[in-house]
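What follows is one structure encoded as structure tokens, with my remarks underneath.
The values are calculated or read from the model by the stated rules, or taken from the named source; none is laboratory data. Everything numeric here is computed off the predicted structure, so don't read it as measured data. Cβ: placed from backbone, ideal geometry, glycine included. Neighbour counts: every protein chain shown.
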Amino acid sequence: MIEVNLELSIEKGREAVKRNDIAIVIDALRCSSTIITALANDVREIIPVETLDEAFKMRSNDSNIILVGERKGQKIDGFDLDNSPLKFITNEFRGKRIVITTTNGTSAIKQVEKCPMVLIGAFMNSNEVTKKALILAQKYQSGITILLAGRNHNFFLEDFLCAGLLSSKFKYANANLNDHALASMLSWERAECNIREIVKNSQHGRNLIEIGLEKDVDFCLNIDAFSVVPYLERNSIKIFSEGKI
């Protein structure tokens, strides 16, 4: 039976690597949702980096690269775009290469890059990302780790609830949940009917709303709006296809 582990701190990503788990990284507000939306709207690839220096170096080597990112929710000086998924509801970036760096999400992705497969999950692709993770876990005879980005390595309610949504689907598929995953599932079941109000009243939700990003929060809470499952391959995030299974 497949084991599902929920890790609440990105440092625990190392445990997922040791276990050789399939990893699902969640940074629901907003990194994961931005990656999903960009790929759903035909961005060619997304390259996650942790530092601004890395991003600017990549731009210096390719002037066509689009720099996307934030620090403390705000657009970075010298970047083309902030980390808003709404910026990608357009054909403007079709075929483009994007470099992304965020306060939390890109660090979490890098933490598990040595897992056999790294998927990007959010509310908006919960159904498809759990399906793909289960198939991959069966293929690799491995467990699944849901890794929460949090903020400065700390717990974020919306990521925990998103993990609960995913965990509920894994439980339905008869996977074994560790206690963190089980707790997230029980929390999701309690919060599901009022998810928007709960997330908007969470610490991160309030912070984003205070800096004028309430529309981003609303958009990121569109459950299963996309069937796109991003995956990391050699430091490049692309759309997962059936040929990868």
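Worth a mention:
- Matching entry among I135, I76, I98, I66 (being buried (at least 18 other Cβ atoms within 10 Å of the Cβ) and touching a residue at least 60 places away in the same chain (Cβ under 8 Å)): I98
- Answer from D159, D179 - the residue that is among the charged types (D, E, K, R) and buried (at least 23 other Cβ atoms within 10 Å of the Cβ): D159
- Residue in the range 223-242 that is free of Cβ contacts under 8 Å to residues at least 60 places away in the same chain and either crowded, with 17+ Cβ neighbours inside 10 Å or over 30 Å from T101 (Cβ atoms) (or both) present: yes
- Matching residues, the range 1-27, being under 12 Å from A108 (Cα atoms) and either among the acidic types (D, E) or in contact with a Cys (Cβ under 9 Å, 6 or more places away or on another chain) (or both): E7, E11, G13, A16, A23, V25, I26, D27
- A108 falls short on exactly one of the conditions (1) surrounded by 23 or more Cβ atoms within 10 Å (Cβ to Cβ); (2) touching a helix residue (DSSP H, G or I) at 6+ places or on another chain (Cβ under 7 Å); (3) at pLDDT below 95; (4) within 22 Å of K200 (Cβ to Cβ), and that condition is (4).
- Contacts under 8 angstrom Cβ, first residue in the range 17-36 being on the phi > 0 side of the Ramachandran plot, partner crowded, with 24+ Cβ neighbours inside 10 Å, 6 or more apart: N20/C115
- Any chance S168 is farther than 30 Å from K75 by Cα, over 17 Å from the mean Cα position of the chain (by Cα) and surrounded by 19 or more Cβ atoms within 10 Å (Cβ to Cβ): yes
- The set of residues in the range 134-179 that are farther than 17 Å from I26 by Cα, part of a helix (DSSP H, G or I) and among the aliphatic types (A, V, I, L, M) comprises I135, L136, A137.
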